[in-house]
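Here, each number is a calculation from the coordinates, and none is a lab measurement. Here the structure is a predicted model, which is why all the values come from computation and not from measurement.
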Amino acid sequence: MNWLALSALNMALAVMTGAFGAHALKARLSTEALGWWQTAVSYQMWHALGLVALGVLLRLSSVAPALPVAGIQTSAILLQLGIIIFSGSLYAMALGAPRWFGAITPIGGLAFIAGWLWLAYSLMRSA
């Protein structure tokens, strides 16, 4: 997987959805729904930046063989899943999905946490 390219796509989508929310949806959504939208955009952008870091680490692994490639890959997968589930569920709710749909949002949050913890664990083990 080309994590650098995927992170760039995530960042572009975050900017586009942020602009869409600020301009096209602002007058149409409730304050609560706009809050969900903004939270989704923020988490997508921050974790896309995390994917950039992981992509760079994977590129460096060819010159730094001590880097835990499998652990970094797993962390990247978890962060991407978190973006899809966490941000995706908030975008969907803001656009009218039933409120109970938000019950899956914490699964995305857990994927974010697991991704960062797995990265820490993998890096500590490789040191």
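Rg/Rh for the stretch 3-126 (Cα atoms only, Rh after Kirkwood) is 1.06. Taking the C-alpha atoms only, the angle from helix 105-126 to the longest principal axis of the chain is near 10 degrees. Helix 3-20 and the longest principal axis of the C-alpha atoms of the chain enclose an angle of approximately 20°. Can you tell me the 0 to 90 degree angle between the C-alpha axis of helix 69-82 and the longest principal axis of the chain, rounded to 10? For 69-82 against the chain, the angle is about 0 degrees.
What separates the Cα centres of the stretch 84-127 and the stretch 1-74 is a distance of 12 Å.
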